Amino acid sequence: MNSIERLSNSVSNNTILSIRTILFLVAFGWVLWRLSIAGWSYFFFLTSWNWILCSFGFLCGIIYTLAVNNQWKSKTLFRMLHIAMLAIVSTISWIVCLGFWALLNSIVFGKDVSFQTRWTQTFSHSINLILAMIDLFASNTNLKFIHVVYPIGAVLGYQALVLVGHGGYGTKWPYSFMAKVNGGEDGINWMPMVMMGAAVVVACVIMYGLCLFLIKIRNRLFPDGKTRASSVVEVVV
């Protein structure tokens with residue numbers, strides 16, 4: 001008799017595998033398409049990294065599902081990686097979506113913007129969140145507050161990439177507000193950048209708190225899933 005961890009309280013493990021495979025194909029396909037159009041400059045936008053992280057996160061979910069279904073000895077390692085990526089993808093997707101629609105859409109959606117641009121921007125800054133929430137609600141993975149360190153590290157890592165790229169490769173700031181905070185396109189004014197980093201940390205904590213709240217809602221909808229990330233829900237087959 002083998003006991004297999006249940007990855008969802010609403011659907012089977014094989015259904016979870018199918019869902020995560022579809023999510024991965026959509027996210028990775030979008031990354032490849034945008035990369036073919038924008039080139040290497042694609043990597044200097046947080047939205048782009050969010051899509052890349054979504055792809056990797058869904059891939060980690062696929063591998064973890066396979067590890068559980070096939071009883072791999074290393075499944076604990078894949079569970080930890082899955083939890084980290086779920087925290088990162090869920091939190092940053094909220095930051096990207098809310099940040100864009102609250103702060104940047106009035107600039108992007110000017111009167112002379114083409115339909116293709118409108119569609120691309122809408123897809124880039126909305127569908128990623130929808131995909132992330134599908135994975136969050138379909139699975140039975142719980143997150144703990146300590147896991148907030150993962151999205152904070154990811155976002156600060158992105159900011160470090162932008163600073164290195166700006167200083168080392170002569171690229172301009174990817175967002176106009178970064179140039180305004182910095183006091184211009186040339187050089188790096190470290191104090192405003194540090195303050196912006198602190199604001200990003202606060203945003204991560206708030207959005208991660210929102211994700212924890214959504215998990216509580218999911219657990220109420222599927223009450224059997226109260227033991228999720230840190231423990232194993234088993235059924236005998």
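Quick notes on this structure:
- Protection proxy ranking of 59-67, 155-163, by the mean of other Cβ atoms within 10 Å over each peptide's residues and highest first, is 59-67, 155-163.
- Calculated FRET value between residue 36 and residue 130, using beta carbons and R₀ = 30 Å, to 0.05: 0.85
- Element breakdown for region 1-97 at a 1.4 angstrom probe: carbon and sulfur atoms account for 72% of the accessible area.
- If the segment from residue 202 to residue 220 were pulled out straight at 0.36 nm per residue, it would be longer than the present Cα-Cα gap by 3.7 nm.
- Most tightly packed first, judged by the mean number of other beta-carbon atoms within 10 Å of their residues, the peptides 47-55, 133-141 read 47-55, 133-141.
The values are calculated or read from the model by the stated rules, or taken from the named source; none is laboratory data. The structure displayed is predicted, hence computed values, not measured ones. So basically every Cβ, Gly included, is an ideal-geometry build from the backbone, and we count neighbours across all protein chains shown. Each accessible area value is taken on the protein alone, full model and side chains, heavy atoms only, with ligands, DNA and RNA left out. Shrake-Rupley method; radii C 1.70, N 1.55, O 1.52, S 1.80 Å.
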